[in-house]
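The structure under discussion appears below in the form of structure tokens.
The values are calculated or read from the model by the stated rules, or taken from the named source; none is laboratory data. Since the model is a prediction, treat every value here as computed from it, not as a measurement. Quick reminder, even Gly has a Cβ in these numbers, built from the backbone with ideal geometry, and neighbours come from all protein chains shown. Just the protein is used for accessible areas: all its heavy atoms, side chains included, with ligands, DNA and RNA removed. Shrake-Rupley method; radii C 1.70, N 1.55, O 1.52, S 1.80 Å.
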Amino acid sequence: MIEVTNLGKTFSDVTAISNLSFKVDAGEVYGLLGPNGAGKTTTLRILATLIEATTGKATVNGFDIKKDAEAVRKAIGVVNGGMGLYDRLTGKEVLYYFGKFYGMSKVAIDKRIKELDELLSLGETLNRRTTGFSTGMKQKIVIARAVLHDPPIIFFDEATSGLDIMARRAVMNFVKAYPSQNRAVIYSTHVMSEVEELCNRVGIIYKGKLIAENTVTELISQSGERNLENAFFKLVERSGMEVSA
Amino acid sequence: MVFHVARKEILSTLRDRRAMVSSLLIPLLILPFMMLGLPLLLGGLFEREQTSITEIATIGLSYLPAELKTELETQNISFVEAQDLETLVKDGKYQVALDIPKSFSTQLEAGEKASLTLISKAGNLRSELNASKIQDAVSKFSEGIVTKKLESAGLSADVLEPITINNLDASSEAERSSGQLAWLIPFFIAVWTLAGGQVTALDATAGEKERGTLEALLVSPVRRIEVVLGKFLATLTFGLSASVMAILGYVLGGALLRSLFLKRLGDGAEEIVQVLGGSLQTTPLSILLLLMSALLLASLISALLISITMFARTYKEAQSYVAPLSFVMIIPAVGLQFSDFFGTNIFVYLVPILNALVLMDDIVKGQVAFLPVIATWASLIAFSALLLDFAFRSFKREGVIFRT
Ligand SMILES: Nc1ncnc2c1ncn2[C@@H]1O[C@H](COP(=O)(O)OP(=O)(O)OP(=O)(O)O)[C@@H](O)[C@H]1O
Ligand SMILES: [Mg+2]
């Protein structure tokens, strides 16, 4: 459902990613694992049509990200750690605001809110202004907003950053429960344990390059290490790149 | 979608109580307060100074002719004998002092030129007011002497002033009643559009970045041009509301001034009311022209606000960008006081902001013509469109959206 071919992006003098290629099929949760500055956010922003790639191409849900940006945007939902809400609107008002952009009627939005309420236990967040929300409550509405139009493709970018363990668990439970045979998910993070728990396949990204790609178990056995963290360092070493903080 | 975006921004601003007070309530109240407070305060002070008895320090009081002394006393002045007059006035112990030389009476009686030394503090209003009272009394006394001399020589006092000038005011009713502060109306429209629109513009652009909502908005299928136009429309709504409130405040203040205080304040007050433009003359046509011009000025300012604040990452940064804009409004508005000197040049009506201010000033004074109206409106529409186009282009640039 997602096909990335030789993608590259240079910001004035910084090369954020280069020659990135990978595929994500329906039913998969693809982990994009890499340290700070590896290029995860840049990759997802390109796929979400927010910024343009310098080189290479990609299709999302069969649509070219350059030529069919609007069709791509209709097909995706995006959740990231830094996302916020309009603090003078209630949770429900935020959802109505965005629902309309996707051409949803009020009835359709209401129906969808009920479904999401069960999945995410939105509860009182729906009818309160978001000003006083905890980060966890906010993130639930952020997720509800991202999947409001039931998109076939969802991007998570550091979606659990800044959350306490309870809220983090809620987000992860959603990622586990939500995908299905006709949905594809890219889950980007620097947290190894989240990838181990959630992802079918992982691409390890380091300094803008994809240095390994496989299932978690395969990656570990490939490297001959005992866990993903050790495997990560081994794979970076093997790629011939310098390990730097 | 444009209205959908605009509605959300408007709702958001309406729920911001502080913004409501500062952009709707304050413009409504500030002018009535100024218009009522100022004349009351100033009128009261002048009156007190004029009627209360002022002590002045003197040397040589006994050389003052009795007639002049009486004249001064009718001006509510009483005398205190003192030394070192200059120091006394300098230190503020007395507002004014009068030094009367020994030879004063004798010289006068002999028909020679006599002199007095009046010590006051230039630049100090109270001191100058009292000094002018003394000068008035002295010149009245001098006139008396001259008249007497002329009469004894068999001449009439008219020889001193062979020509009198009759003043006839040719200004129209609208010009006269709009008062000398009529330029305040366009000025307030400009300043309050900026202040009112600013709240929404900041929230809708830099605010979206700071809260982390912009990215969510941009990954949705809404078109960016619709987002820009929606935000512009919301900004315009509040900019215009604030300026309409300011005009209402002006009209309200004028009405209150006339109905409540005019009678109580006495003669001098009428002039003050007039200067403050408390009795604006309005015809339906002038109101219509004024509103249309205000709308177009507001749209130019809103477009300007949106295209500038969009570059900021945070509220604070956006505020620092917008702050200098008030000067852009104030400078032409202050220049308007001298509009009589350049009012006829058509090119003035092509310069955005300045043109709206000049045109509104014309409208308020009832001297508006067809060509300036067309030139102003066309210029405002063109510049608004240019700015919106610029805002839209910027909004598509990665560097503007994801500035780091
Ligand atoms: N708008 C930008 N302008 C200039 N450089 C940028 C910009 N965005 C990202 N970069 C650079 O590109 C590189 C990749 O950044 P990116 O945000 O994609 O990394 P990331 O893997 O998401 O890291 P993190 O875990 O910190 O979120 C970094 O070196 C970053 O400094
Ligand atoms: Mg990132």
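In table form, for the structure just shown:
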| quantity | calculated |
| --- | --- |
| Residue tally, condition open to solvent by 10 Å² or more (accessible area, probe 1.4 Å) and near ligand 1 (Cβ under 7 Å from one of its atoms), over the range A:22-37 | 3 |
| Whichever residue in the range A:198-210 is closer than 18 Å to A:Ala26 by Cβ and open to solvent by 40 Å² or more (accessible area, probe 1.4 Å) and, among such residues, is nearest to ligand 2 (Cβ to nearest atom) | A:Arg201 |
| Enumeration of residues in the range A:38-78 that are open to solvent by less than 10 Å² (accessible area, probe 1.4 Å), β-branched (Val, Ile, Thr) and away from ligand 2 (no atom under 16 Å from the Cβ) | A:Val60, A:Val72, A:Ile76 |
| Looking only at the range A:172-182, and only at residues there that are surrounded by fewer than 21 Cβ atoms within 10 Å (Cβ to Cβ) and part of a helix (DSSP H, G or I), the one that is nearest to ligand 1 (Cβ to nearest atom) | A:Met172 |
| Residue identified as open to solvent by less than 40 Å² (accessible area, probe 1.4 Å) and modelled with pLDDT of 90 or more among B:Leu98, B:Leu184, B:Leu150 | B:Leu98 |
| Hits in the range B:52-77 - residues which are closer than 17 Å to B:Thr117 by Cα and in a strand (DSSP E or B) | B:Glu55, B:Ile56, B:Ala57, B:Thr58, B:Ile59, B:Ile77 |
| Sole exception among (1) assigned to a helix (DSSP H, G or I); (2) within 16 Å of ligand 1 (Cβ to nearest atom) for B:Ala382, by number | (2) |
| Filter result (away from chain A (no Cβ under 12 Å) and touching a Phe, Trp or Tyr at 6+ places or on another chain (Cβ under 9 Å)) within the range B:3-25 | B:Ser23, B:Leu24 |
| Qualifying residue in the range B:389-396 (condition: open to solvent by 10 Å² or more (accessible area, probe 1.4 Å), within 16 Å of ligand 2 (Cβ to nearest atom) and more than 28 Å from the chain's Cα centre (by Cα)) | no |
| Candidate set: the range A:79-104, residues that are open to solvent by 30 Å² or more (accessible area, probe 1.4 Å) and assigned to a loop (DSSP other than H, G, I, E, B); chosen: the one farthest from the other protein chains (Cβ to nearest Cβ) | A:Met104 |
| Count - residues of the range A:105-154 that are in a loop (DSSP other than H, G, I, E, B), more than 11 Å from chain B (Cβ to nearest Cβ) and under 27 Å from A:Ser188 (Cα atoms) | 6 |
| Single residue of B:Asp91, B:Asp158 found to be over 30 Å from B:Arg258 (Cα atoms), acidic (Asp, Glu) and modelled with pLDDT of 85 or more | B:Asp91 |
| Within the range A:141-157, tally of residues that are farther than 14 Å from A:Leu122 by Cα and open to solvent by 10 Å² or more (accessible area, probe 1.4 Å) | 4 |
| Scope the range A:3-21; condition at negative phi and open to solvent by 10 Å² or more (accessible area, probe 1.4 Å); matching residues | A:Glu3, A:Thr5, A:Lys9, A:Thr10, A:Phe11, A:Asp13, A:Val14, A:Thr15, A:Ala16, A:Ser18, A:Ser21 |
| Condition broken by A:Ala184, with the remaining ones in (1) away from chain B (no Cβ under 14 Å); (2) touching a helix residue (DSSP H, G or I) at 6+ places or on another chain (Cβ under 9 Å); (3) touching a residue at least 40 places away in the same chain (Cβ under 8 Å) satisfied | (2) |
| Search result, residues across the range A:221-236 that are free of Cβ contacts under 8 Å to residues at least 24 places away in the same chain, surrounded by fewer than 19 Cβ atoms within 10 Å (Cβ to Cβ) and over 14 Å from A:Pro35 (Cβ atoms) | A:Ser221, A:Gln222, A:Gly224, A:Glu225, A:Arg226, A:Asn230, A:Lys234 |
| The listed residue being of a type in the set (Val, Ile, Thr), away from ligand 2 (no atom under 16 Å from the Cβ) and buried (at least 21 other Cβ atoms within 10 Å of the Cβ), out of A:Val185, A:Val195 | A:Val185 |
| Filter result (part of a loop (DSSP other than H, G, I, E, B) and buried (at least 18 other Cβ atoms within 10 Å of the Cβ)) within the range A:158-168 | A:Glu158, A:Ala159, A:Thr160, A:Leu163 |
| Residue match in the range A:19-37 (condition: within 16 Å of ligand 2 (Cβ to nearest atom), touching a Phe, Trp or Tyr at 6+ places or on another chain (Cβ under 6 Å) and not hydrophobic (A, V, I, L, M, F, W, C)) | yes |
| Options B:Val334, B:Val364, B:Val322; residue that is out of contact with any Cys (no Cβ under 9 Å at 6 or more places or on another chain), modelled with pLDDT under 85, surrounded by fewer than 22 Cβ atoms within 10 Å (Cβ to Cβ) and of a type in the set (Val, Ile, Thr) | B:Val334 |
| Conditions (1) farther than 22 Å from A:Met1 by Cβ; (2) away from ligand 2 (no atom under 16 Å from the Cβ); (3) open to solvent by 60 Å² or more (accessible area, probe 1.4 Å); number of the one not met by A:Glu213 | (1) |
| Tabulated pairs, the range B:210-221, first closer than 19 Å to B:Glu317 by Cβ, second in a helix (DSSP H, G or I), C-beta under 8 angstrom, 6+ apart or interchain | B:Glu210/B:Tyr315; B:Leu214/B:Glu208; B:Leu214/B:Ile401 |
| Counted residues, the range B:86-117 - those being without any contact (Cβ under 8 Å) to a residue 24 or more places away in the chain and part of a helix (DSSP H, G or I) | 4 |
| Residue in the range A:61-73 that is more than 13 Å from chain B (Cβ to nearest Cβ) and either among the basic types (Lys, Arg) or within 16 Å of ligand 1 (Cβ to nearest atom) (or both) present | yes |
